[in-house]
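Structure first, commentary second.
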Amino acid sequence: MLRRPTTAALVLTVVALGSTGCTGDDGGAPTASATATVPAPAPTESLLPSPTSTGSSVGDLAAGFPSDLVQPPEGSEILVSSAEDDAATGLTTISLNLRSPLATDQLVQAVRDQLAAAGFAETVVDPGSTGLAASSTFVRGDGGAELLTLGVLDRDGVRTLTLGGTVRL
C-alpha cells in the first residue's frame, strides 16, 4: 500500500520537476529536466486507502440497519444504505437513500409515521431554503444524541429520499 508520506514526496518531486526548467531560456521547448517520468505503482500497491467501514450495502438494507425503526416505504427502491456502530457513544450512524414513485407528502408521511411511533419528534424545515421538496429533522430523547435528518428531492416525477443520522438501538 502506498503511504501518504511517500505519495506526498512523489507529488512534491513531480511539482518540483515541473516547475523548474519547464522551458528553455528562450521560452521555447521544455528542457530535459521537465520530461522526467514518475514511476508507476507496483502491481501490489493500492492507490487508494482500504475502506474501514463494511456497514454499507447497495440496493438493500445494510447489515445492522435498524429495520424495526424505519422500513423503506412500499414500492421504494433502495439505492444505498449503511449502519455503523460507535462503541464509544453506544449510537449507530445510519443512512438510507431510496427512490420512490410516491408523492412527496406520501413519502414523508410514511417515514414520519414510523419515526413518531418510535418516539421521535419532528421539526419541519422550510424546503425553500434547501432546494428540496421536503426537509425535516427528527429528535428522540433529551440532549439530541438521537437525531435523524430527512430530505426529499423531486426531479422528473421521481422522488429521492435521504435519511441519515444517529440512533440508539
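The length gained by stretching the chain between Gln71 and Ala145 to full extension, at 0.36 nm per residue less their Cα-Cα distance, is 24.5 nm. A simple spin-label model places pseudo-atoms 7 Å from Cα toward Cβ; at Thr89 and Ala117 they are separated by 2.7 nm.
Stretching the chain fully between Val80 and Gln106 yields a gain of 7.3 nm (0.36 nm per residue, less the alpha carbon separation). Computed 3J(HN,Hα) for region 96-101, one whole-Hz value per residue from the Karplus formula 6.51 cos²θ - 1.76 cosθ + 1.60 where θ = phi - 60°, is 9, 10, 9, 10, 9, x, glycine and proline marked x.
Which of rounded, prolate or oblate describes region 97-148 when judged by the alpha-carbon gyration tensor and an a/c cut-off of 1.5?
Values: a/c = 2.39, a/b = 1.42, b/c = 1.69.
Taking the square roots of the gyration eigenvalues as a ≥ b ≥ c, region 97-148 is oblate.
Using a cutoff of 8 angstrom between alpha carbon atoms and counting only pairs six or more residues apart, the relative contact order for region 116-160 works out to 30 percent.
Read-outs: derived from the displayed coordinates by stated rules, not from any lab. The structure presented is a predicted model; accordingly, all values stated were derived computationally and were not measured. So basically every Cβ, Gly included, is an ideal-geometry build from the backbone, and we count neighbours across all protein chains shown.
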